[in-house]
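The next block holds one structure in the form of structure tokens; read it before the comments.
Taken together, the values in this text are just the output of simple stated rules run on the coordinates, not laboratory data. Keep in mind that what you see is a predicted model, and the values were worked out from it rather than measured. With ideal geometry, Cβ positions are generated from the backbone for all residues, glycine too; neighbour counts draw on all protein chains shown.
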Amino acid sequence: MKNDVIICRCQEVTEQEIIDAIRDGASTVDGVKRRTRACMGLCQGKTCERLIERIIARETGKNPAEILPNNARMPARPITVGLFRDKEGE
Amino acid sequence: MQDADVIIIGGGIMGCSIAWQLGKYGKRVLVLERKDVAAGSAGATDGVVGYHTKRPGPQMDLAVASIAMFRDLAGELGENIEFDFTAGGMQPAEDKMQYDLLASIAEEQRTSGVDIRMISGDEARALEPNLADDVYGALYCPTSGKVNPLKLTNAFAHAAKRGGAVIQTETEVTGFLIRDGAVKGVCTDRGEYYCDTVVNACGSWAGLTAKMAGLDLPVTPRKGQLAVTEPVDFFMRATIQCALYNIIKFRPEAIRDKRALKLGASLSIEQTENGGMIIGSTREFAGFEKENTFEAIDVMMKRAIRFFPALENVDIIRFFSGFRPYTPDGLPMLGETAALKGFYMAAGHEGDGIALSPITGKLIAELIAEGKPSYNIDVFSPNRFLG
């Protein structure tokens, strides 16, 4: 039953779903992400990325250091759309 | 010894769709993918499956045939692809000039028999209550839909595998084996694979792949920048592009704002099934440079608030970008090249690849398996660029 453990809290992705993604061909964090939505939530993988790397390494026998991480993008933390509003335009 | 009847290069939405369809004819298919399934543009876009964003003429006719296939697609593929057939597509206009331009484009689009109509600002707000109070009017297409492009690509890949296709990822094509003007195999960083039929389904990279076969085919990347927000409660159902989207695409000479034209920037927005809003987008020629730029983000976000003031307090969690495979005449390249026997193109759909993926798979498979597609695709022949 340990495979019911939630790995990505933002998107509620379980360990079993991640293992299934790896069996479907995922060999990188982005590969798992595209198949399960893990890392797509509010924290953008800050919590689960390391865990996913380790699961991929365990399932594929690769060295954890060789697993490609999630492709990092702006913003570093969430920002509101309103931040871009024209100040003088109001 | 042949490794496959057909080798498809590219495990994106086109390659996987074609692989699935070829399996129905009992063809042994090998898909060679440089990275991973859906690692390119299908995982870096929105999911508009609409008529109203299509170029009037042959591309619209192709879209009509493709969107008809979406009706049964989830059932055939056996997976949820988050397809909403009647989400609707809308393009709000800020003033009469934009409205009239949209109306004239819509008139041409309607020659393909699609329901694209012009509605008032009040009618638009009745359909999408979060739309700004001062929107002048809108183009509306009630039968345009939306889909989850990642789920669709993965579903094509799973169905292809069930049909016998082998999808080999992390395999980069480095050249071709050619004899007497015909393709005989594919060279990769993992060795050579022999076959008489190769499909170039490399999207924005299709021009580079064709070059390895000695073919000069103008498919180049056009960058589209996007943002995704935190999931929010129901906000909108239609896929919405501001009027500039179609005007930049079909009447660029009418755009006076130089920055908007250079970036190809207009608002394109939709809410996905999980609640996140995808906000875009741009059409930029920047090679394979994929970083987000502040200039583009600034234009897109300002337009988002201009049309949807209630987005003000919604959090953006990620900016991203994808490459749209651009061709000089805005039409995809579909079919066999005359210069190299057995070498087929299935690329160059620019921003319409998601919507056109089902029909592309079907027609290319028919062409390869039966020698003739059920729908005339001569106008899309790659030979139009091969003099």
Identify, among A:29, A:14, B:155, the residue whose Cα sits farthest towards the positive end of the charge dipole of the protein assembly as shown, taking +1 on the Cβ of Lys and Arg and -1 on the Cβ of Asp and Glu, with the dipole about the Cα centre. A:29
If N is the residue count of the stretch A:2-84, its Cα Rg over 2.2 N^0.38 Å rounds to 1.12
Estimated 222 nm signal from helices in chain A, with DSSP H stretches of n ≥ 4 weighted -39500 (n - 2.57), rounded to 500: -9500 deg cm²/dmol
Using the membrane-span-like helix rule (whole DSSP H runs, Cα extent along the own axis of at least 27 Å, mean Kyte-Doolittle hydropathy at least 0.0), which helices of chain B qualify? B:58-77
So who's got an amide H within less than 5 Å of the one on residue B:330, skipping anything under 5 residues away but keeping other chains? H placed 1.01 Å off N, in plane. none
Stretch residue B:375-residue B:115 to full length: gain in nm at 0.36 nm per residue minus the Cα-Cα span? 91.4 nm
Would you calculate the convex hull of the Cα atoms in the protein assembly as shown and tell me its volume per residue in Å³? 144 Å³
Using 0.36 nm per residue of separation minus the Cα-Cα distance, give me the extension gain between residue B:108 and residue B:234 in nm, one decimal. 42.0 nm
Amide H neighbours of residue A:7 under 5 Å, counting only residues 5+ apart in sequence or on other chains, H built in-plane at 1.01 Å? A:13, A:14, A:15
Quickly work out the residue B:2-to-residue A:65 label distance, labels modelled 7 Å from Cα along the C-beta direction, and quote it in nm with one decimal. 4.6 nm
Mind telling me which of B:189, B:100, B:46 comes out most flexible in a GNM of chain B, alpha-carbon contacts under 10 Å? B:189
Please compute the modelled spin-label separation between residue B:97 and residue B:187, points set 7 Å along Cα→Cβ, answer in nm with one decimal. 5.5 nm
Ranked on Cβ counts within 10 Å of their own Cβ, fewest leading, A:27, B:120 go B:120, A:27
Expressed as a rounded percentage, what relative contact order does the stretch B:139-229 have, with Cα pairs under 8 Å and six or more residues apart? 15 percent
Can you give the charge dipole size of the stretch A:2-84 about its Cα centre, rounded to the nearest 20 debye, using +1 on the beta carbon of Lys and Arg and -1 on the beta carbon of Asp and Glu? 240 debye
Among B:234, B:260, B:301, the residue whose Cα sits farthest towards the positive end of the charge dipole of the stretch B:230-302, when +1 is placed on the Cβ of each Lys and Arg and -1 on the Cβ of each Asp and Glu, is B:260
With the contact rule set at Cα under 8 Å and sequence spacing of 6 or more, what percent relative contact order holds for the stretch B:179-331? 30 percent
I need to check one value: relative contact order of the stretch A:2-84, counting alpha carbon pairs closer than 8 Å and at least 6 residues apart, in percent. 27 percent
Quick check on the exposure proxy: order B:70, B:380, B:285 from fewest to most C-beta atoms within 10 angstrom. B:285, B:70, B:380
Neighbouring Cβ atoms within 10 Å as the yardstick, rank B:281, B:204 fewest first. B:204, B:281
Which residue, B:212, B:69, B:345, has the most motion in a Gaussian network model of chain B that connects Cα atoms within less than 10 Å? B:212
Per the 1/(1 + (r/R0)^6) rule, R0 = 25 Å and r from the Cβ atoms of residue B:302 and residue B:211, FRET efficiency to 0.05 is 0.05
Sum up the charges of everything whose Cβ sits under 14 Å from the Cβ of residue B:239, counting Lys and Arg as +1 and Asp and Glu as -1, but leave residue B:239 out. -4
Separation of the residue B:28 and residue A:5 label points, Cα + 7 Å toward Cβ, nm: 4.3 nm
For chain B, what does the convex hull of the Cα positions come to per residue, in cubic angstrom? 126 Å³
Using a ≥ b ≥ c from the Cα gyration tensor of the stretch B:156-265 (square roots of the eigenvalues), is it rounded, prolate or oblate, where a/c under 1.5 gives rounded and otherwise the larger of a/b and b/c decides, a/b for prolate? oblate
